[in-house]
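Enquirer: Can you read through this structure? Questions will come right after.
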Amino acid sequence: MSEANQGNTRVPDDAERNTAQQGIALGNQKSGDKVATHAKSDVRYWKAKLFKHGHTRGGVRSYDSFWSIRIAHGGKREQFNLRTANAEAAATKAQRIYKVVVGAGWTAALAEFKPEANPPEDATDATRTTVGQLIEASARLSPARWESMETYSQALRRIVAAVNGWDGGTAKFSPAGSKAWRLKVDAVTLASVTPAAVEEWRNATLKAAPTPAERNAAVVTTNSLIRNSRALVSRNIFAKLKSIIQLPGTLWFHGIVLEKPPPMRYKSKIDAGTILRAGIAELASSDPEVLKCLFLTLVCGLRRSEADTLLWEQIDLDAGTIELMDTVHKRLKSQCSAGVIAMDPQVVAMFREWDKSKRGPFVLEPALKPRGREQKQQFRRYRANPTHMRLLAWLRAKGVPSHHPIHLMRKEVGSVIATRDGIFAAKTFLRHSDISITAKIYADSKELVSSGLGALLAPEGDNVVQGQFNAKDGGTTTTASKAPRKAEKEAGA
């Protein structure tokens with residue numbers, strides 16, 4: 001039976017026994033048996049559970065046009081009118097409702113999908129809203145990338161755990177070990193995380209830093225956690241957020257003033273040429289994948305995630321360019337991150353050789369199955385992570401001084417370009433969203449500059465030194481140099 005005709009279906013009462021208890025169901029016994037293997041997070045599970053309400057009048061059975069669904073969870077069962085005659089759309093909506101029920105609770109689900117039958121409860125319910133409910137609701141309303149949402153959520157969780165004295169160690173960063181830690185933190189009520197408690201945690205963290213360098217690192221960390229956690233209730237989704245969950249009148253960041261950040265200025269402590277020559281000499285034959293990753297990050301200035309998912313189709317060997325853009329495997333950090341990077345002829349020649357031996361669509365040979373943008377991810381991962389780890393070990397063995405040696409390669413090439421061509425050229429190459437970002441990091445030149453005033457200390461007759469100083473000084477003549485020049489002029493006359 002076509003979907004278009006199901007809205008006006010009429011069958012005799014004796015056929016009613018072949019339908020669902022309250023109406024006609026979409027899935028028959030055969031399809032139901034097949035769907036039984038699907039998880040409740042699968043749309044196909046919910047498609048088999050759709051039904052339409054039936055009504056009997058004058059001995060004739062009729063059914064509603066719209067599909068409905070029943071959802072049971074946590075000892076409670078509710079029925080939802082999905083308000084669509086399209087089975088695919090109805091199943092997708094049923095899946096969404098179920099995820100909200102599981103993730104944010106019945107109150108949030110009823111407020112969003114059945115508001116007419118469930119008016120908002122008293123504001124006192126805000127005292128029961130948990131960290132997990134906020135994270136789930138914000139993830140559904142925010143247009144941010146899942147990677148960004150994971151960063152925002154993890155920031156709030158770390159603040160809540162620190163305020164409650166739950167360090168969690170490295171488990172909170174591990175996909176395998178963090179589940180229990182997350183569940184524990186997500187159960188904390190938002191109202192219990194007060195600005196005073198956050199301020200106390202932040203001050204204690206800063207005071208515990210024994211050295212200026214460690215205090216600067218603590219300032220960066222605490223500022224980052226507070227700023228990122230605040231993004232969960234950003235201005236563009238705050239009104240919608242309040243319509244589906246009750247928020248405390250005072251949130252954890254209200255009244256918190258961020259510490260003045262330390263200088264971001266990059267100070268180069270390595271030589272890009274030395275690193276590059278060593279890479280070619282040591283890795284070209286022994287580990288070409290690592291050398292390829294070094295070229296993408298140091299020579300081409302790509303971010304680690306950009307290099308990880310770069311496709312051969314993004315490289316134009318004839319034009320000598322790399323085009324950075326959104327793909328099914330990678331969503332760029334921002335629209336400003338898109339752009340075209342020019343490669344030197346020598347670099348193009350290297351990529352031509354690698355192109356001859358390619359085995360797949362990715363520039364870095366795959367080690368893990370690449371993810372599609374539509375796939376839900378809980379943790380950040382790199383598809384060529386073994387290659388990245390070998391590069392990290394090689395860079396550290398070369399004395400690269402950083403917690404993030406691969407990202408330092410991008411900073412180093414930015415410093416080289418800023419020194420040679422200026423910060424505007426560096427901004428274009430690095431694809432920063434604003435010139436102020438480039439200026440904060442790369443305003444310093446790699447080359448040391450002296451004042452040139454030391455020439456004034458040279459003997460009065462040292463015309464070579466005086467000439468050098470005058471050239472640097474733009475032709476300015478000092479008192480000490482006037483007499484010799486006057487004598488030369490008179491002698492020449």
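Enquirer: Kindly provide the trypsin sites (Lys or Arg not before Pro) of region 240-313 that DSSP labels as loop, not H, G, I, E or B, and whose Cβ sees at most 10 other Cβ atoms within 10 Å.
Expert: Lys267
Enquirer: Listed here are the pairs Lys207/Lys330; Lys40/Lys333; Lys49/Lys330; Lys333/Lys440; which of them are more than 29 Å apart at the Cα?
Expert: Lys207/Lys330; Lys40/Lys333; Lys49/Lys330
Enquirer: Once the whole set of protein chains is in place, how much accessible area is left on Tyr63, using a 1.4 Å probe, in Å² to the nearest 10?
Expert: Estimated to the nearest 10 Å², Tyr63 gives 10 Å².
Enquirer: Working with all protein chains in place, sort Trp252, Trp146, Trp394 by solvent-accessible area computed with a 1.4 Å probe, largest first.
Expert: In descending accessible area the options line up as Trp146, Trp394, Trp252.
Enquirer: Which order do Ser229, Ser285 take when ranked by solvent-accessible area (1.4 Å probe, heavy atoms of all protein chains), largest first?
Expert: Ser285, Ser229
Enquirer: I've got another one for you. Ignoring ligands, DNA and RNA, how do Val131, Val257, Val299 rank by accessible area with a 1.4 Å probe, largest first?
Expert: Descending order: Val257, Val299, Val131.
Enquirer: With a 1.4 Å probe and all protein chains kept in place, how much accessible area does Phe253 have, in Å² rounded to the nearest 10?
Expert: Solvent-accessible area, nearest 10 Å²: 30 Å².
The values are calculated or read from the model by the stated rules, or taken from the named source; none is laboratory data. Remember, predicted model here, so these are calculated numbers, not experimental data. Note: ideal-geometry Cβ built from the backbone for every residue, glycine included; neighbour counts use all protein chains shown. Heads up: the accessible areas ignore ligands, DNA and RNA and are worked out on the full protein's heavy atoms, side chains in. Shrake-Rupley method; radii C 1.70, N 1.55, O 1.52, S 1.80 Å.
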